[in-house]
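The values are calculated or read from the model by the stated rules, or taken from the named source; none is laboratory data. Because the structure is a prediction, the values reported are computed rather than measured. Positions of Cβ are generated from backbone atoms using ideal geometry, with glycine treated the same way; all protein chains shown enter the neighbour counts.
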Amino acid sequence: MERPSAAVFPVLPRLRMSVAFFALCDYLLVGRINSVKQTAGRAWDYRTLGRLGQKEVTATRRRLIAEAEVLVRTRGFAGFSYADLAKAVGLSKATIHHHFPAKEDLGAALIANYKERYDAALDAIWKKSTSGIARIEAYAKLYLDGVRQDQGCLCGVMASERDILPQRLRYGIARFFEEHLVWLQRVLEAGIENGTIRPGVDPAPQAKLVLSALEGMIMLGRLFGDKSSFDTSADALGKSLLNYAADPFER
């Protein structure tokens, strides 16, 4: 994955972040994740989500997953039917049911596929740089790509529909975000240790703030149709973590 250009985090005056807004995002996103965790009564294995063995994935199945992802990220999981998907791919509903007998099965495959892509992206980001700020910038770029396509985060969109989703999908989404929180906390801890993240940052709650802020940014960017606002908000987020004592010229 290419490192995000300077446009992702332009040099702008330091902006005040809305603590109240991001606290609300934290409650809506992370709070719901914790709620799902507490109600889940069994261990989870992502292999049970879609059972997407490499030999099983056909070209048709990949097309269905790709088109369904766009529909979810633009309309929501409840906002499309198999008839909509059939029209988008030019196939019959019977063909879709052959690959995904129930919509829950399709949702499980979507989460598994999305997670697989993010796993690869996070691993690449971690290996490319040791700077905490550079890693956060690259992570933010993953969200910026969604803003540019006018698409929400798949799991973020589905998390907002938690109350109507089957438990299997709820827990899969919760696990997706849990793993991101663990990764972000690891990034912050490593950044504090090597001096690229300012001292005094508490990694666990800050990880939640970063995740909630980015999910909120992509939501507002789509709502207001203002893609440039993501850049300025992401810049403020990055500057709030920068260790100016280590790099005073970044002020």
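Observations on the structure shown:
- Each residue in region 161-216 was checked for being touching a strand residue (DSSP E or B) at 6+ places or on another chain (Cβ under 7 Å) and in a helix (DSSP H, G or I), and 2 pass.
- Screening region 74-148 for helices (runs of 4 or more DSSP H) wholly inside it with 3 or more residues that are closer than 24 Å to Ala236 by Cα returns the ranges 103-128, 132-148.
- Residue pairs whose Cβ atoms lie under 7 Å apart, sitting 6 or more positions apart in sequence or on different chains, and linking a residue in region 179-196 that is on the phi < 0 side of the Ramachandran plot and touching a residue at least 60 places away in the same chain (Cβ under 8 Å) to a partner that is surrounded by fewer than 16 Cβ atoms within 10 Å (Cβ to Cβ) and not charged (D, E, K, R), are Ile192/Pro199; Asn194/Thr130; Thr196/Ala246.
- Residue count for region 120-146, restricted to those that are under 19 Å from Ala159 (Cα atoms) and at pLDDT 95 or above: 0
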